[in-house]
Amino acid sequence: MRRRTLGTLVLLAILSVVGVVLTQYIWLRQAQQYQNEQVALQKQQAAQIDKQFNDRVTIALTDVTERILSINRDPSDLFDAVKQERPNYFAVTINDTIHPYLLESLLKHEFERRGIEDDFEYGIYDCFTDSIVYGNYVSLKDSLIADTAEHSELLKLGKDGHYFGVYFPRRTTSIWEPKQSGTVTWIYPAIVTLIVFAFFGYSVWVILRQKRLGRMKNDFIGNMTHELKTPISTIALSSEVLTDPNIINEPERLRSYANIIRTENERLRTQVERVLQLSTLDKGELELKREAVDLHKVVNEVTSAFTVQLNERKGEMTTELKATRAIVEGDHVHLTNAVINLVDNAVKYSLNEPRITIRSSNHGGYIKLEVLDNGIGIKREDTKHIFERFYRVHTGNVHNVKGFGLGLHYVEEIVRAHGGRVAVSSELGKGSTFTLDLPVS
Ligand code: ADP
């Protein structure tokens, strides 16, 4: 995928996600507004129904009072007699004789007449002591008048100092309150949006990573083809020379061409070995053949393997092996390869005569192996990436060192498989130090 296409795709995806979120926001706001309006309307309706009920009860009670007073022909105290003290409780001040039987039947009659079907309790109180004198629960659905009549026959309360109250136990509260569901309405879409964003971010990250890996892999294939092509053509040329029958007469030339073939063949073998190292790591098949490995011995073997190469570059390698415990429980071949990779880099990335030092020391249960060089060094931001697969520092044309970007990745994997760590410290233009810490056995 081209960079521009990817950019456009990411931009379009961002725009669509933002669009979805905005639409959702607008819809939610509208829904919330609609809900608020509904709530206000329902509240208004509930208040109206309540008011209607209260008015009907007040009128009914006024009528009841009027009827009682009219029996005794003294309706002068009717004014403001009915008072609603709570949403479901009405008190009626009446300075007259209250006969419970009469009161109850009047109440029932008036309530029925006005379509008030709620059960109610009424009580007759003494104004001075505020204690109940008589009370009864009345359900309009079943008539229990007989019982009341029997008892109330006995009661005929005196003229002064009485009032009665009517209570509707089934009517709890007058104003209807909606459930507060505003936060819940927001939480669900917010979570969904967050998940969408997280997935979107993750997808972009994966695409970019895959793109970078793809580019690195292409670089690797280009590099590898080039690296393999050079020795193959050199071998082809040399073998052609060897096919010349007259070469027998020039033994010096013959030997030199045979040597070229051998060296180039060795180079090919190393390259193939590197690619094989990668495929071993990729498949996750890194099986270590564990044995007691003397790291000092490994260092000495590697040092002598590089003697010719260093002599050619007029370089030198010194060793300061001060560790007293240098035996590691590990794989001899892989550990040797790791040290070779570090020394090979130290030689490759030195512009002038390479001066390489290999040091060893013990700390805790570890052996520390340091490979120091006076090479080109590595920029700080690159040091974070050099252990990644296929990563190579872009140096422009300053030096044209061939490589696959696999060596340090391999070193890191091997050291980690042995329970150790690898680190680098470097100064651009001055040199680098690679440190391996491995647990000693
Ligand atoms: P390769 O050497 O094949 O490119 P490596 O994984 O061995 O791959 O190294 C990754 C990068 O780290 C190299 O491209 C190089 O830029 C940098 N590097 C490694 N070792 C050194 C060193 N001793 N001095 C300077 N740069 C180094």
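The values are calculated or read from the model by the stated rules, or taken from the named source; none is laboratory data. All of these numbers come straight from a predicted model, not from anything done at the bench. Cβ placement follows ideal geometry from the backbone for every residue including glycine, while neighbour counts extend to all protein chains displayed. Areas reflect the complete protein model, heavy atoms only, side chains present, ligands, DNA and RNA absent. Shrake-Rupley method; radii C 1.70, N 1.55, O 1.52, S 1.80 Å.
Below, the figures for the structure above:
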read-out: Residue among 139, 350, 279 with the largest mean-square fluctuation in a Gaussian network model of the chain, springs linking Cα atoms under 10 Å; value: 139
read-out: Axial C-alpha extent at least 30 Å, average Kyte-Doolittle at least 0.0 - helices from the chain (DSSP); value: 3-71, 182-243
read-out: Extension reserve of the residue 394-residue 202 stretch, reckoned as 0.36 nm per residue once the Cα distance is removed; value: 66.3 nm
read-out: Cut-off 20 Å, label 7 Å out along Cα→Cβ of residue 24, residues of segment 187-213 by amide N; value: 187-205
read-out: Simple spin-label estimate for residue 219 and residue 17 in nanometres, 7 Å along Cα-Cβ; value: 2.8
read-out: Scattering curve values for segment 267-364, log₁₀ I(q)/I(0), Debye with Cα scatterers, q = 0.14 Å⁻¹; value: -0.63
read-out: Residue among 290, 269, 114 with the largest mean-square fluctuation in a Gaussian network model of the chain, springs linking Cα atoms under 10 Å; value: 114
read-out: Relative frequency of Cα-Cα separations exceeding 27 Å in segment 288-441, percent; value: 19
read-out: Spin-label pair residue 8/residue 324, simplified geometry with 7 Å Cα→Cβ offset, distance in nm; value: 7.0
read-out: Given the chain, longest segment not containing exposed loop chymotrypsin sites (Phe, Trp or Tyr not before Pro) (DSSP; at most 15 other Cβ within 10 Å); value: 177-441
read-out: Rounded to the nearest 20 debye, dipole of the chain from Cβ charges on Lys, Arg, Asp, Glu; value: 3080
read-out: Which listed pairs, of 229/322; 229/368; 217/348; 283/402; 322/348, have C-alpha distances above 31 Å, in listed order; value: 229/322; 229/368
read-out: Globularity ratio of the chain, using Cα Rg and 2.2 N^0.38 Å; value: 2.25
read-out: Efficiency of FRET between residue 34 and residue 193 - r from beta-carbon atoms, R0 25 angstrom, step 0.05; value: 0.75
read-out: Residue-averaged [θ]222 nm for the chain, counting only DSSP H segments that reach four residues, each worth -39500 (n - 2.57); value: -18500 deg cm²/dmol
read-out: Accessible area expressed per residue, segment 288-441, with surrounding protein chains retained (probe 1.4 Å, Å²); value: 50
read-out: Selected from 352, 95, 362 as most flexible by GNM, with the chain as the system and alpha-carbon contacts under 10 Å; value: 95
read-out: Per DSSP, loop GluC sites (Glu not before Pro) in segment 261-323 with at most 13 further Cβ within 10 Å; value: 285, 287
read-out: Solvent-accessible area, 1.4 Å probe, carbon plus sulfur percent, for the chain; value: 56
read-out: Residues residue 441 and residue 269, FRET efficiency given R0 of 41 Å [Cβ-Cβ distance, rounded to 0.05]; value: 0.85
read-out: Cleavage-rule hits (GluC sites (Glu not before Pro)) in segment 349-397: DSSP loop, at most 16 neighbouring Cβ within 10 angstrom; value: 388
read-out: DSSP-defined beta bridges in the chain - what % are antiparallel, rounded to 5; value: 90
read-out: Probe 1.4 Å - accessible area at residue 225, Å² to nearest ten; value: 70
read-out: 15 Å Cα-Cα reach of residue 43 towards aspartates and glutamates, excluding residues that sit fewer than 8 places from it in its own chain; value: 177
read-out: Value of relative contact order over segment 288-441, rounded to a whole percent, pairs C-alpha under 8 Å and six or more apart; value: 25
